[in-house]
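Read-outs: derived from the displayed coordinates by stated rules, not from any lab. Keep in mind the model is a prediction, meaning the values are calculated, not measured. Every residue, glycine among them, receives a Cβ derived from its backbone with ideal geometry; neighbour counts consider all protein chains shown.
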Amino acid sequence: MQRRQFLQLAMASSALALSALSGCSSRSSKESPLLLSGADKGNEHTVSGWQLGQGERFRLTVEQRVHAPLMRPGSHEAVYVARRPGTVIYVVDVKAGQIKQQVLAEKQRHFYGHAVFSNDGRWLYVPENAYAEGGRGKLAVYDAAANYQRVQEFDLGGIGPHQLALMPDGLTLVVAMGGIQTHPDLDREKLNLATMQSALVFVDRLSGKITQRFDAPHQHLSLRHLDVAPDGTVVVGAQFQTAANPDQPYTGPLVFSQRGAEPLKAFEAQERDWLAQHHYIASVVINRASTLALTTTPRGGRVNLWQLEQGILLRSFPVRDVAGAGYLADQNQFVVSNGLGQLFAVSDELQLLAQAPATRWDNHLSIG
Amino acid sequence: MINRDKEKLEEGLTMGRLNWLLVALFSVLLVGCSKAPTEPKLLADTANQVISPLYAELNSQTQQLFQQSQAFCQAPSEQTQQQLQQQWRDTMNAWARVQPIGFGPVETGNLRWKIQFWPDRKDLTSKKTEALIRSDEALTAERVAAASVSVQGLAALEYLLFDERVKAVSFYQQNSRRCELLQAIAERVHQVTQQVEDEWPDFAAKFAQPSVDSPLYPDNKAALAELLNTLVVGVEVVKRNKLGLPIANGANAQHAKPYRLEAWRSQYSLALMRASTETLEQLYRGNGGFGLSAYLQEQDAVDDALLGAIDEAFAAVNTQFAAIEAPLFTQIKQPEYYAQLTNLRQRLDLLQRQLAKLPEKLDISLGFNSNDGD
């Protein structure tokens with residue numbers, strides 16, 4: 001490339017970056033969505049809030065690396081849960097850009113990085129690892145109205161509860177039980193790959209009763225991340241985990257839907273499209289019309305768009321180091337984040353929304 | 001006309017000066033240094049002088065492979081089969097040279113598996129290939145394109161051409177479907193490598209000219225990270241997948257697993273390891289262009305000692321390759337031979353360790369989410 005071409009490019013780049021950063025958008029701050037994510041900067045872990053068209057709203061250094069944030073309904077409060085084997089939930093006032101509270105895990109428990117609120121924003125449900133009890137998966141209940149006091153816990157009847165979501169009835173929680181046992185003394189080592197059992201588990205959030213359970217369709221698939229459509233369809237993404245044949249590619253499906261009392265149904269894509277996921281789905285998001293699902297794979301560096309009803313792959317976009325995904329209801333648009341600080345809108349094509357300087361967006365993105 | 005051109009030229013010069021000012025300011029602010037960056041030349045030369053010729057060569061080889069498969073099927077004989085087998089080796093060699101390039105149309109178009117299904121521990125290749133021959137479907141390139149990747153590409157051709165159970169020329173004479181499939185797979189693999197060659201220039205432009213809205217290369221560092229990652233992962237694939245797993249990671253000659261070798265049927269494994277390693281060294285040295293090694297010499301953060309160590313590590317690997325005689329498949333369990341392979345693995349490991357020091361020295365992250373899992 002000629003030097004001048006490069007210079008023009010650098011100028012175009014800087015102009016674009018500036019417009020993304022300096023808030024040239026005509027949207028007022030009230031309207032534009034706030035994106036929440038963990039982010040790393042150098043060796044520091046931070047919790048971050050990024051307003052589209054405005055730029056960074058807050059960026060707070062935290063001790064433990066967080067995984068998935070979420071807004072507390074009807075408030076200016078977001079919670080960021082530490083990823084395994086983390087032991088803290090950061091409660092952030094997103095208006096003030098300050099950490100209000102740090103909720104610590106019980107002794108001999110750690111979190112898995114995910115949580116969900118009841119619709120009224122009062123109860124926070126947080127999957128835990130009871131690692132002194134053989135790694136049993138528990139669901140802790142915190143009362144957000146009482147300074148996040150831990151008020152109750154339920155046994156989830158399995159190992160490795162990961163992401164969870166509230167069903168449209170507002171009463172049932174659906175939990176992806178990853179099935180993989182870990183112990184904080186052994187860092188993140190997987191202890192039971194030969195016997196792992198992953199499942200989708202439905203729990204009554206008031207009684208803790210397990211109302212339905214659907215096993216993963218393959219012994220070495222670990223169901224991890226999910227979303228629920230407004231019509232009640234659950235879409236769950238898996239990771240293929242095996243110690244036996246680490247170099248043998250798994251060519252089967254990694255994304256499934258579940259409806260009513262029916263078992264998991266595999267999404268349809270060609271073998272090579274599954275291979276391109278590198279055994280790993282990071283985020284799953286469904287649009288409000290219940291017509292489209294989006295999945296990301298950072299290992300494969302891909303964003304896939306799926307037609308939800310039949311589970312057919314519509315489009316696949318290469319995006320480096322992509323992981324976080326969310327849905328902007330007002331714009332009717334998916335958004336994804338990556339480890340290079342980029343935010344893209346995803347529809348028929350990718351469109352750069354913003355470039356956050358010196359930012360590595362972490363695994364999950366949430367819309368405030 | 002001349003005047004207008006002159007005006008344009010002057011306008012261009014003025015713009016150029018303005019650009020210079022702004023960019024000088026820009027780079028002082030961002031980089032703290034006014035020297036023109038050499039990344040664009042490194043990326044362009046890597047794309048055009050190292051990678052482009054490899055894709056062109058692969059596509060030329062698959063074209064000859066398709067032609068040779070037709071020649072063999074018109075007159076199946078020991079002689080035409082040997083010619084075809086040799087053409088398969090040449091094609092596989094060209095693929096092994098492309099294989100380490102972990103980006104570009106092979107990745108974004110997800111074509112790797114269509115060119116070579118490997119590893120294949122359950123031997124799906126033989127099972128699914130035979131099932132397709134037994135079926136009553138027309139065996140065309142279109143049918144192959146729609147089939148499982150285990151019956152596509154060079155591994156399926158290797159099965160048909162080299163497997164002791166099925167390679168006999170008389171089999172081809174008795175069952176015309178074997179030849180139909182052979183030609184269909186060869187035609188299809190040529191279509192795929194043609195696609196790779198056709199799509200590369202567009203991809204190369206994106207790689208060599210990063211742009212802030214690119215989902216792959218928003219800046220030079222991202223493209224440089226791709227190159228460094230290709231080197232580190234490329235050595236890892238040779239060290240671990242091609243060599244380490246078959247020799248049980250050097251534990252014991254008795255535990256060696258010859259059937260885990262790449263291309264065990266054709267007993268061509270050693271040449272393929274070497275071909276892939278040669279590409280990695282070309283990517284490092286630039287094949288006559290401004291390569292990574294020249295770029296690194298300009299970087300204050302990279303000391304000469306590390307560059308010397310990388311040179312030595314490449315040389316040590318090459319020396320050891322030269323000391324080992326093919327075929328690996330039949331000799332892998334012999335203690336002295338096995339010791340040579342273990343030694344090669346250690347040398348590859350050392351090379352990988354040296355190369356893996358580069359990203360940190362250059363303040364480049366090879367991946368955040370992609371190297372993570374939760």
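Neighbouring Cβ atoms within 10 Å as the yardstick, rank B:45, A:120 fewest first.
In increasing order of surrounding Cβ atoms, one gets A:120, B:45.
Determine the shielding of peptide B:106-112 by partner chains: average, over its residues, the number of Cβ atoms on other chains within 10 angstrom of each Cβ.
If you average over the peptide's residues, the count of other-chain Cβ atoms is 4.
Using DSSP loop states and a limit of at most 16 other Cβ atoms within 10 Å to flag GluC sites (Glu not before Pro), what is the longest stretch of chain B containing no flagged site?
That gives B:165-324 as the longest site-free run.
Calculate the tail of P(r) for the stretch A:233-295: the fraction of all Cα-Cα distances greater than 13 Å, expressed in %.
Distances greater than 13 Å cover 65 percent of the Cα pairs.
Exposed loop trypsin sites (Lys or Arg not before Pro) only (DSSP loop, at most 13 other Cβ atoms within 10 Å): please give the longest stretch of chain B free of them, not including the sites.
So the longest stretch without any such site is B:166-374.
Which whole number gives the average, over all residues in A:290-299, of C-beta atoms from other chains lying within 10 Å of the residue C-beta?
Mean partner shielding for this stretch: 2.
Taking only Cα atoms and a 10 Å spring cutoff, compute GNM fluctuations for chain B and point out the largest among B:135, B:269, B:148.
Sorting by GNM fluctuation, first place goes to B:135.
Could you tell me which residue out of A:316, A:233, A:66 lies farthest along the dipole of chain A toward its positive end? Charges go on the beta carbon: Lys and Arg +1, Asp and Glu -1, centred on the Cα centre.
My answer, from the dipole projection, is A:66.
Enumerate the aspartates and glutamates that residue A:95 could reach by cross-link, defined here as Cα to Cα under 18 Å, with residues fewer than 8 away along the same chain left out.
Residue A:95 reaches A:31, A:56, A:77.
Which FRET efficiency value, to the nearest 0.05, do you get for residue B:170 and residue B:63 by plugging their Cβ-Cβ distance into 1/(1 + (r/R0)^6) with R0 = 30 Å?
It comes out at approximately 0.60.
Checking the cross-link filter: which aspartates and glutamates have an alpha carbon closer than 15 Å to that of residue B:167, excluding same-chain neighbours under 8 positions apart?
B:78, B:130, B:158, B:180
Which order do B:163, B:363, B:374 fall in if you start with the one that has the fewest other Cβ atoms within 10 Å?
Fewest-to-most Cβ neighbours within 10 Å comes out as B:363, B:163, B:374.
Filter the cross-link list B:242/B:333; A:100/A:138; B:122/B:257; A:41/B:41; B:41/B:206 down to pairs whose alpha-carbon distance in this structure exceeds 24 Å.
A:100/A:138; A:41/B:41
If you average 1/r over every pair of different alpha-carbon atoms in the protein assembly as shown and take one over that average, what Kirkwood value in Å do you get?
28.0
For a quick check: sort A:48, A:283 by the number of other beta carbons within 10 angstrom, fewest at the front.
Exposure proxy ranking, most exposed first: A:48, A:283.
Calculate the length of the line joining the C-alpha centroid of the stretch A:279-351 to that of the stretch B:236-312, in whole Å.
With the stretch A:279-351 and the stretch B:236-312 each reduced to a Cα centre, they are spaced 35 Å.
For a quick check, take a GNM of chain A with Cα springs below 10 Å and name the residue from A:149, A:197, A:241 with the largest mean-square fluctuation.
Looking only at A:149, A:197, A:241, the biggest GNM fluctuation is shown by A:149.
Considering every pair of different Cα atoms, what Kirkwood radius, in Å, is found for chain A?
20.9
Taking the Cα atoms of the stretch A:111-235, report the difference between the largest and smallest coordinate on each principal axis, in whole Å and largest first.
Here the spans come out as 41, 33, 21 Å, largest first.
Starting from the Cα gyration tensor of the stretch B:217-367, take the square roots of the eigenvalues, sort them a ≥ b ≥ c, and report rounded, prolate or oblate (rounded when a/c is under 1.5, otherwise prolate if a/b is larger than b/c, else oblate).
Prolate.
Counting each pair of different Cα atoms once, what's the Kirkwood radius of the stretch B:38-209 in Å, rounded to one decimal?
One decimal place: 16.6 Å for the Kirkwood radius.
What do you get for trypsin sites (Lys or Arg not before Pro) in the stretch A:92-178 restricted to DSSP loop and a cutoff of at most 16 other Cβ within 10 Å of the site's Cβ?
Passing sites in the stretch A:92-178 are A:95, A:107, A:122.
Considering only DSSP beta bridges whose two residues both sit in the protein assembly as shown, what percent are antiparallel, to the nearest 5?
Within the protein assembly as shown, antiparallel bridges account for around 100 percent of the total.
Using +1 at the Cβ of each Lys and Arg and -1 at the Cβ of each Asp and Glu in chain B, identify which of B:58, B:358, B:160 lies farthest towards the dipole's positive end.
Result: B:160, furthest along the dipole toward the positive end.
Can you give the calculated 222 nm mean residue ellipticity of the protein assembly as shown, where each DSSP H run of n ≥ 4 adds -39,500 (n - 2.57) and the sum is split over every residue, rounded to the nearest 500 deg cm²/dmol?
-11500 deg cm²/dmol
Checking the a/c ratio against 1.5 first, then a/b against b/c, what shape does the Cα gyration tensor give for chain B?
oblate
GluC sites (Glu not before Pro) within the stretch A:106-142: which are DSSP loop residues with at most 13 other Cβ atoms inside 10 Å?
Taking the stretch A:106-142 and a limit of 13 other Cβ atoms within 10 Å, the loop GluC sites (Glu not before Pro) found are A:106.
For the protein assembly as shown, what is the charge dipole size about the Cα centre, in debye to the nearest 20, if Lys and Arg each add +1 at the Cβ and Asp and Glu each add -1 at the Cβ?
Value, rounded to 20: 680 debye.
Once you list every other residue whose beta carbon is under 10 Å from the beta carbon of residue A:106, what net charge do they have if Lys and Arg are +1 and Asp and Glu are -1?
Net charge in that neighbourhood comes out at +2.
Full-extension gain between residue A:270 and residue A:291, please, as 0.36 nm times their residue separation minus the C-alpha to C-alpha distance.
5.5 nm
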